[in-house]
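All remarks here apply to the structure that follows.
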Amino acid sequence: MHQTRGTPAMSRLLTGRSLTRTATAATLLTLAALTPATTATAATTPTPTATATTAPHPRITSAYELPGDRAYPEGITTDPRTGDVYVGSYTTGAVYKATPGHHRAEVFLPAGADGRNTANGLRADRAGRLWVTDSTSGVSVYDLRSRTLLARFDVPGPDDAPRMVNDIAITPDGTAYLTDSSRAVIYRVTPGQLANASAHGKRGELTVSHDLGTTIAPHPADAYTLNGIVADPSGRYLLTVDMTGGDLYRVDLATGAVREVTPHGGDFTNGDGMELRGRTLWVVQNRDNTVARWRLDGDGTTARLEREVTDPALQIPTTIAHSGGHALVVRSQFDKGGPMGPGTPTTPFTVADVDGI
């Protein structure tokens, strides 16, 4: 959502429900996250904090610098064929490309490309396409080699109806699933729909595949809910997080059944972007400045917390992607003059490398 249109809404999205951690820890974390001087210092010298295990506190460094002083990055993805990294700007819609071995990213798609106001969720697929969600309208699909727009899919309904297209996952059969944080639904774009739209005007409409509105925990009418989404590597189910309720849901793709995943050792409050590799699930909790690593059971119905890193040096992290053995975490700085509040961000904006999570 564009900053000038979505500041109050994004603030609600990132606030979520009250933190379940102790009052003292929550107060210290909030002060650390919202104090510019603290964040600026932590960006270069991380301060050790308590974690879920006794492992050494991870080292947080800068992996990539992003151009521009208003980037406010949100989404990240890696090209499974080349290892290139793509990062989207929440405030401008620009998409940046970072190449392993080079510290500074370059503009891949300029601000406002093809009418996009934002670049939230990103996903590069094995067919050489880049999917970019625009929270205000839908999703655009690009050819990674030529940067050509292949198709755009819009949210159905009136343009002024609430919508917040957020994150995206792609199943092994090439179907894309997208969360809508306003409507608590999951949209679907099949390979057939993509091919048809590409051949007929490059426009299509998103199809609702799952409605979680009656399943998720009760929440205020104007609260945002579904955020991050990932697909089981076998294609059996999706996992999506309700950041307001702090719950994780499993969506069975064969039956459509939705059930809450049982957590052991923590919760998913303020859950944002996620990554799933095998049975290991990483969940980024933005306002908490936390990245958590969970272990799923064989059916994806329970999750056990293995490791948790909380540090103001994460600067309101929004999502995570692994590349070449590195855990890349987006530092949004949304609380420094972005959609979460006034202030001045530390520039350049960066993507962090978190060693140990």
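The values are calculated or read from the model by the stated rules, or taken from the named source; none is laboratory data. Quick caveat, the model's predicted, so the values are computed rather than measured. Neighbour counts run over all protein chains shown; Cβ positions are idealised from the backbone, glycine included. Heavy atoms of the whole protein, side chains included, go into the accessibility calculation; ligands, DNA and RNA do not. Shrake-Rupley method; radii C 1.70, N 1.55, O 1.52, S 1.80 Å.
Taking every C-alpha pair closer than 8 Å and separated by at least 6 residues, the mean separation divided by the residue count of the stretch 99-145 gives a relative contact order of 25 percent. Computed over all pairs of different Cα atoms, the Kirkwood value for the hydrodynamic radius of the stretch 140-218 is 13.5 Å. A simple rule links phi to the HN-Hα coupling: the Karplus curve 6.51 cos²θ - 1.76 cosθ + 1.60 with θ = phi - 60°, which for the stretch 238-246 gives 10, 10, 9, 9, 9, 6, 6, x, x Hz, with x for Gly and Pro.
How many Å² of accessible area per residue for the stretch 160-237, probe 1.4 Å?
41 Å²
Among rounded, prolate and oblate, which fits the stretch 150-189 when a ≥ b ≥ c are the square roots of the eigenvalues of its C-alpha gyration tensor, a/c under 1.5 means rounded, and a/b larger than b/c means prolate? Taking the square roots of the gyration eigenvalues as a ≥ b ≥ c, the stretch 150-189 is oblate. When the solvent-accessible area of the stretch 258-357 is split by element, carbon and sulfur atoms take up 44 percent of it, the probe being 1.4 Å. 3J(HN,Hα) along the stretch 88-95: x, 9, 5, 8, 10, x, 5, 10 Hz, from the Karplus curve 6.51 cos²θ - 1.76 cosθ + 1.60 with θ = phi - 60°, whole Hz, x for Gly and Pro.
Here the stretch 280-343 is assigned +1 on the Cβ of each Lys and Arg and -1 on the Cβ of each Asp and Glu. Its dipole about the Cα centre then comes out at about 140 debye. In order along the stretch 127-137, the Karplus-derived 3J(HN,Hα) couplings, from 6.51 cos²θ - 1.76 cosθ + 1.60 at θ = phi - 60°, round to 8, x, 10, 10, 9, 10, 7, 10, 4, 8, 9 Hz, and Gly and Pro are given as x. With both labels modelled 7 Å from their Cα along Cα-to-Cβ, the Thr99 to Thr280 distance reads 2.8 nm. A compact globular protein would have a Cα radius of gyration near 2.2 N^0.38 Å; the ratio found for the stretch 69-117 is 1.12.
Close amide H partners of Ser62, meaning residues 5 or more places away or on another chain with modelled amide H under 5 Å apart, are Asp353.
The alpha-carbon atoms of the stretch 188-280, seen along their principal axes, cover 49, 35, 24 angstrom, with the largest extent given first. Given the stretch 236-357, report the % of alpha carbon pairs whose separation exceeds 22 Å. Counting every Cα pair in the stretch 236-357, those more than 22 Å apart make up 36 percent. In this structure the amide hydrogen of Thr244, modeled in the peptide plane, comes within under 5 Å of no amide hydrogen from residues 5 or more places off or on another chain. Accessible surface ranking for Trp294, Trp282, 1.4 angstrom probe, highest first: Trp282, Trp294. Solvent-accessible area per residue in the stretch 251-357 equals 30 Å², computed with a 1.4 angstrom probe and all protein chains kept.
Over the stretch 257-357, Cα pairs under 8 Å with separation of 6+ residues give a relative contact order of 21 percent. Here's how it looks for Thr207: its modeled amide H is under 5 Å from those of Arg188, which are all 5 or more places away or on a different chain. Shown here for the stretch 89-149: trypsin sites (Lys or Arg not before Pro) in loop regions (DSSP other than H, G, I, E, B) with at most 11 other Cβ atoms within 10 Å, namely Arg126, Arg145. To the nearest Å, what is the center-to-center distance of the stretch 105-179 and the stretch 233-262, using C-alpha atoms only? Cα centroid to Cα centroid, the span is 22 Å. Candidates Thr190, Leu238, Val165 compared by Cα position along the dipole of the stretch 157-246: farthest toward the positive end lies Thr190, with charges placed on Cβ.
Here the accessible area of the stretch 128-168 is 48 percent carbon and sulfur, with a 1.4 angstrom probe and all protein chains present. Mean sequence separation of contacting Cα pairs (under 8 Å, at least six apart), scaled by the length of the stretch 215-319, corresponds to a relative contact order of 20 percent.
Were the residues from Arg147 through His322 laid out at 0.36 nm apart, the gain over their Cα-Cα distance would be 60.7 nm.
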